[in-house]
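S.K.: Sharing a structure below in structure tokens format, with a few things to ask.
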Amino acid sequence: MQRTTPMGTGTVVDVASKNNNLKTFTAAVKAAGLTETLAGRGPYTVFAPSDAAFAALPAGTLDNLLKPENKTQLTQILTYHVVSGIAPSNKLQTGSVQTVNGSAVAVRVNASRSEITVGGAKPIVPDVQASNGIIHVIDKVLMPPKAASSMGGM
């Protein structure tokens, strides 16, 4: 996990939209109608999948999720990547955290803190600061239990 310096000022949405590795995440947030929410007061911890993470989804999955008729499912998936409060990587602990989606996601931290996973995803750029929270860029799209079962267990 590489350490990073703050990418700039602005809300979680502002910071994500300026990150060239979060273009798909930003487009998905817009398609789900979550821009205003994530630009709100917060604070939020966002586990934002990288563009490569979205590209690794089965063919057609992302295009399907971005369709207006699938907005509810997309919202359910994206809110599974958001936790209320600020959780920098050095404060994450093994256990589970409640997401804004309402489902819990498992966090695993090894003893040396050299490996952290959230729902099986690894933070590739942790601790990106925003005015209303923090972003951890992760290497996998997390699927909440309900969405995973309705999408064939992705």
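The values are calculated or read from the model by the stated rules, or taken from the named source; none is laboratory data. These figures come from a predicted structure and were not determined experimentally. No Cβ is skipped: glycine too gets one built from the backbone with ideal geometry, and neighbour counts run over all protein chains shown. Note: accessible area is taken over every heavy atom of the protein model, side chains too, but ligands, DNA and RNA are not part of it. Shrake-Rupley method; radii C 1.70, N 1.55, O 1.52, S 1.80 Å.
S.K.: Among the candidates 101, 70, single out the residue that is part of a loop (DSSP other than H, G, I, E, B) and either touching a His at 6+ places or on another chain (Cβ under 8 Å) or closer than 20 Å to residue 37 by Cα (or both).
M.R.: Only one candidate passes the filter, namely 101.
S.K.: Quick check on my filter: what residues within region 18-33 are touching a helix residue (DSSP H, G or I) at 6+ places or on another chain (Cβ under 7 Å), open to solvent by 50 Å² or more (accessible area, probe 1.4 Å) and part of a helix (DSSP H, G or I)?
M.R.: 23
S.K.: Take the residues of region 107-130 that are touching a helix residue (DSSP H, G or I) at 6+ places or on another chain (Cβ under 8 Å) and either more than 24 Å from residue 20 (Cβ to Cβ) or among the small types (Gly, Ala, Ser) (or both): which is surrounded by the fewest Cβ atoms within 10 Å (Cβ to Cβ)?
M.R.: 113
S.K.: Given the criterion modelled with pLDDT under 95, under 26 Å from residue 10 (Cβ atoms) and not charged (D, E, K, R), identify the matching residue among 89, 112.
M.R.: None of the other options fit; the residue is 89.
S.K.: Separate question: Test each condition in (1) of a type in the set (S, T, N, Q); (2) at pLDDT 95 or above; (3) open to solvent by 20 Å² or more (accessible area, probe 1.4 Å) for residue 37 and report the one that comes out false.
M.R.: Result: residue 37 passes all but (2).
S.K.: Continuing with this model, one more query. Restricting to region 40-54, give me the number of residues that are assigned to a loop (DSSP other than H, G, I, E, B) and either acidic (Asp, Glu) or buried (at least 17 other Cβ atoms within 10 Å of the Cβ) (or both).
M.R.: Here the count works out to 2.
S.K.: So, of the residues in region 71-109 that are without any contact (Cβ under 8 Å) to a residue 40 or more places away in the chain and among the hydroxyl-bearing types (Ser, Thr, Tyr), which turns out to be farthest from residue 138 (Cα to Cα)?
M.R.: Taking the candidates together, the pick is 72.
S.K.: Could you list all residues from region 55-106 that are under 17 Å from residue 23 (Cα atoms), among the small types (Gly, Ala, Ser) and surrounded by fewer than 13 Cβ atoms within 10 Å (Cβ to Cβ)?
M.R.: Residue satisfying the conditions is 55 alone.
S.K.: Still on this structure: Give all pairs with beta carbons closer than 8 Å in which a residue from region 114-140 that is closer than 14 Å to residue 82 by Cα and part of a strand (DSSP E or B) meets a residue that is open to solvent by 10 Å² or more (accessible area, probe 1.4 Å) and of a type in the set (Phe, Trp, Tyr); count only pairs at least 6 apart in sequence or on separate chains.
M.R.: So the pair list comes out as 133/44; 134/44.
S.K.: List the residue pairs whose Cβ atoms are under 6 Å apart, where the first residue sits in region 36-50 and is closer than 15 Å to residue 84 by Cβ and without any contact (Cβ under 8 Å) to a residue 40 or more places away in the chain, the second is part of a strand (DSSP E or B) and open to solvent by 30 Å² or more (accessible area, probe 1.4 Å), and the two are 6 or more positions apart or on different chains.
M.R.: Going by the 6 Å Cβ cut-off, there are no qualifying pairs.
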